[in-house]
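Let me begin by presenting the structure, written as structure tokens, before commenting on it.
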């Protein structure tokens, strides 16, 4: 008994001291001694012991009264609750087969508080597959994006499901290829799409962007609308232009046509050759260094630009090289002695040789025909022609390609027609040299069709070239091809039949952001509905998705990825918070900390009424009592019961086939008050671990003496000891074929011990106080607190004539498994007890986690002292949120005042406080030492926010988070210290 609940606190020694004091005052000649007693002292000691015994009995009256009150209200203690968790199984590395793990398989966990293993039992069958999830995609129709998470092995957690905002923009672009049109810096190009309104949108940088593609990357261009067309400039080396859609495409965007035009296209010659050798270099001797009649030079023209009517302009810088040629004669040695000396003044003078006339021609498929080039044939006839020369001609309709010197293409032929004295020796040949040779094609008024047009949407590519060339309207930008907000999980190969399971470890608590889920699978062409057993309750808590693999599940390509897909689509409100998960695991199986014993037989020596027997086991969840009624039933009755009550009767037979025992399953009742003489009832006292039977009038009793009177199967758990940590469950009870690793990623939770006597007495007194009727808010709070030992805090609020009771469970951060157990029973209980107060049904909910971020910048003269005070401030912040607090959001100003009151060395410069949760965010910023300025509107806050205890700090790490509250400490250049909480 607690000291404060004792009516009389005197002990034996206190009574003996009182006797000694009274003896000394009343009878001085009698010396009372408890150590060396005389006759009077012996009598006094007997009196003292009897008085002490009476005081102990007197002090027990309160407990007896409380027990009687408990009996009056017929309140039974709440039984223990087993812990629950999920174990992940993996196929062994050398295993090539998939495995089936049956319901009831045992797994062993370890606990520091228990020497023997903590036993867990699987609660469902699972098919352990070696098929891997190779692709995970998040699809958002609202955002018009597809986010690729890669394979399950490479998944980085935590991640927000059904949220594609953080992904790369969904590729939705039109790529237009052309070999020469876009590849010149500054060239003005006009694009015509056949729709004036669409042209305006294409020029709007908020809707579209354009860029030229080069080998070195992209070069953005800035289109402008000019004369009903889109004009932009080319880029050196560009081989294509891309038009990229910035906003999601809700419906297809059609181009009536796609045509281009430009002015003059300048390019270098495609080739230069004299028919036998290629001319290369910056300075080209067009006809070689020796002028000869009919020498030729071919200037190659761009194949794509040559057609009848195109104006071609060839420009080059002309200069002349100089080379002297002599006659080489053999020496006549035998006449050398008698030859005369040459006469003075008779030496030969070298002739000056220029090209007098040049011819221009083209190939028409049969031969060469002359063509006028805007200049006469004397362009190489002397030094006066030096400088920039121009050859212009209109491309004939019959110009054909020719083959020469390993080249094939269109060409202009330059040929030496006349060169005076070109064969005289000696002679000085002035041969023409070209530099900066450039060919221009005047395409004004010419319609240019792209060589290739491709639409890229996500990872898919569609060729639209035929539509463009045939001038048909075509969908340049297709509508977003996916619907809804969905997560897709793709298997690399088809798994076995199942049931398969996918374990989702949900971050924190997301019961306020419930999204209704619809599941489907790929059949090769479309998605078909899939039935999934969802223990996550629409991803509001950690749990399993369990499903059987349909026979018609087939591989399907989505965003360029081929896999066997499972699709989960969120159909909840669009503004709900995206659930966050800490991990996703394949092959999970739910386990429960329950242990079922083998039947234990009990024998009777003498049957009695109201018999009671001990039950052996841990914290009892329940028992199954099988009573042997072979002495009471005839053979005919036994046969009828075996036929009619399968599962509730068992018969044991001898080798001769006679019945040796006939067991009937009896029913547990809280008491025998409503039991008749024929009822097969028993009462289980879980606290004292005993079962009791009736007296024959109120309930039957076992009577068999020839063998076992009854047998008992117990189901027990370890209570709170079953809440083992993560990775504590590491081995199966018996070896499982083809199973390698066994582990639990998340700690087991929900385990609680049996309700103690003190708590039962407290609940009984509350029932007597309220007479079973809840009226005030305090009544509801007390009733809710006393409902379960797993309840940590309770808050109440009335909204729209409905009473909202918010419950914070002790295992909230572990996933809140216990809340799911008590929510509906607690709602029924509170509604039944308070049905006369006008509230109607009572709604029981969990709190909303709140995140508080505090940033504080401060000045300091001494860095060492600043670091010490910073550590002290972080410790104080930790104390502010040491225990999860259920209540309304604190005022940011008060938080700052409390922090600043602890600052001695640091001088605050500015601060920033952000309070956020789920849908709303409140932001307060302070830019002056004594002023807090509000930034943004304060949204309506939740009725039941929860402030979590989580502080982590380090000078070398950033954004550390434990359970929802995070802060950062960063030292800036002295003397500034930033403290972020």
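At a glance:
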| quantity | calculated |
| --- | --- |
| Leading residue by the ranking (nearest to the chain's Cα centre (by Cα)) among those in region 595-612 that are over 30 Å from residue 120 (Cα atoms) and buried (at least 16 other Cβ atoms within 10 Å of the Cβ) | 611 |
| Those residues of region 627-648 which are farther than 22 Å from residue 613 by Cα and not in a loop (DSSP other than H, G, I, E, B), in sequence order | 635, 636, 637, 638, 639, 640, 641, 642, 643, 644, 646 |
| Residue that is nearest to residue 359 (Cα to Cα), among those in region 267-291 that are in contact (Cβ under 8 Å) with a residue 40 or more places away in the chain and exposed (fewer than 14 other Cβ atoms within 10 Å of the Cβ) | 275 |
| Residues that are under 60 Å from the mean Cα position of the chain (by Cα) and exposed (fewer than 14 other Cβ atoms within 10 Å of the Cβ), drawn from region 386-407 | 406 |
| Selection status of residue 378, farther than 30 Å from residue 192 by Cβ, in a loop (DSSP other than H, G, I, E, B) and touching a residue at least 12 places away in the same chain (Cβ under 8 Å) | yes |
| Output for region 606-651, where each listed residue is under 30 Å from residue 717 (Cβ atoms) and without any contact (Cβ under 8 Å) to a residue 40 or more places away in the chain | 645, 646, 647, 648, 649, 650 |
| Residue satisfying all of: in region 219-251; within 21 Å of residue 455 (Cα to Cα) and at pLDDT below 85; surrounded by the most Cβ atoms within 10 Å (Cβ to Cβ) among these | 249 |
| Among (1) within 30 Å of residue 620 (Cβ to Cβ); (2) part of a loop (DSSP other than H, G, I, E, B), the one test that residue 540 misses | (1) |
| All positions within region 676-700 that are surrounded by 21 or more Cβ atoms within 10 Å (Cβ to Cβ) and farther than 22 Å from residue 78 by Cβ | 693, 694, 699, 700 |
| Qualifying residue in region 292-300 (condition: surrounded by fewer than 16 Cβ atoms within 10 Å (Cβ to Cβ) and over 16 Å from residue 413 (Cα atoms)) | no |
| Long-range neighbours under 7 Å by Cβ, at least six apart or interchain, first residue assigned by TED's automatic domain parsing to the domain that holds residue 541 and under 11 Å from residue 903 (Cα atoms) within region 849-860, second modelled with pLDDT of 70 or more and buried (at least 18 other Cβ atoms within 10 Å of the Cβ) | none |
| Selected residue [surrounded by fewer than 17 Cβ atoms within 10 Å (Cβ to Cβ), closer than 23 Å to residue 638 by Cα and either out of contact with any strand residue (DSSP E or B) (no Cβ under 7 Å at 6 or more places or on another chain) or assigned by TED's automatic domain parsing to the domain that holds residue 637 (or both)] from 673, 705 | 705 |
| For residue 161: the one exception among (1) at pLDDT 85 or above; (2) under 30 Å from residue 503 (Cα atoms) | (1) |
| Region 460-474 residues that are assigned by TED's automatic domain parsing to the domain that holds residue 178, paired with ones that are surrounded by fewer than 13 Cβ atoms within 10 Å (Cβ to Cβ) and not in a strand (DSSP E or B) (beta carbon under 7 Å, 6 or more apart) | 460/560 |
| Selection status of residue 122, within 25 Å of residue 822 (Cβ to Cβ) and in contact with a strand residue (DSSP E or B) (Cβ under 6 Å, 6 or more places away or on another chain) | yes |
| Pick from region 428-463, criterion at pLDDT 90 or above, in a strand (DSSP E or B) and in contact with a helix residue (DSSP H, G or I) (Cβ under 7 Å, 6 or more places away or on another chain), ranking: surrounded by the fewest Cβ atoms within 10 Å (Cβ to Cβ) | 452 |
| Some residue of region 134-144 being buried (at least 16 other Cβ atoms within 10 Å of the Cβ), in a loop (DSSP other than H, G, I, E, B) and touching a strand residue (DSSP E or B) at 6+ places or on another chain (Cβ under 7 Å) | yes |
| Residue in region 680-705 that is modelled with the lowest pLDDT, counting only those that are part of a loop (DSSP other than H, G, I, E, B) and under 57 Å from the mean Cα position of the chain (by Cα) | 687 |
| Residues satisfying the stated conditions in region 366-385, i.e. exposed (fewer than 15 other Cβ atoms within 10 Å of the Cβ), modelled with pLDDT under 90, farther than 14 Å from residue 395 by Cβ and touching a strand residue (DSSP E or B) at 6+ places or on another chain (Cβ under 9 Å) | 376, 382, 383 |
| Condition check for residue 471: farther than 26 Å from residue 525 by Cα, in contact with a strand residue (DSSP E or B) (Cβ under 9 Å, 6 or more places away or on another chain) and assigned to a loop (DSSP other than H, G, I, E, B) | yes |
| Some residue of region 688-707 being touching a helix residue (DSSP H, G or I) at 6+ places or on another chain (Cβ under 8 Å) and touching a residue at least 40 places away in the same chain (Cβ under 8 Å) | no |
| Residue count, region 206-225 (criterion: touching a residue at least 12 places away in the same chain (Cβ under 8 Å) and either touching a helix residue (DSSP H, G or I) at 6+ places or on another chain (Cβ under 6 Å) or on the phi > 0 side of the Ramachandran plot (or both)) | 3 |
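Condition check ((1) under 30 Å from residue 748 (Cα atoms); (2) outside any helix (DSSP H, G or I); (3) in the same structural domain as residue 504 (by TED's automatic domain parsing); (4) at pLDDT 80 or above) across all residues:
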position: 24; (1), (2), (3), (4): no, no, no, no
position: 28; (1), (2), (3), (4): no, yes, no, no
position: 34; (1), (2), (3), (4): no, yes, no, no
position: 44; (1), (2), (3), (4): no, no, no, yes
position: 49; (1), (2), (3), (4): no, no, no, yes
position: 71; (1), (2), (3), (4): no, no, no, no
position: 95; (1), (2), (3), (4): yes, yes, no, no
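The values are calculated or read from the model by the stated rules, or taken from the named source; none is laboratory data. Since we're looking at a predicted model, the values are computed, not measured. Glycine gets a Cβ as well: all are built from the backbone with ideal geometry, and neighbour counts include every protein chain shown.
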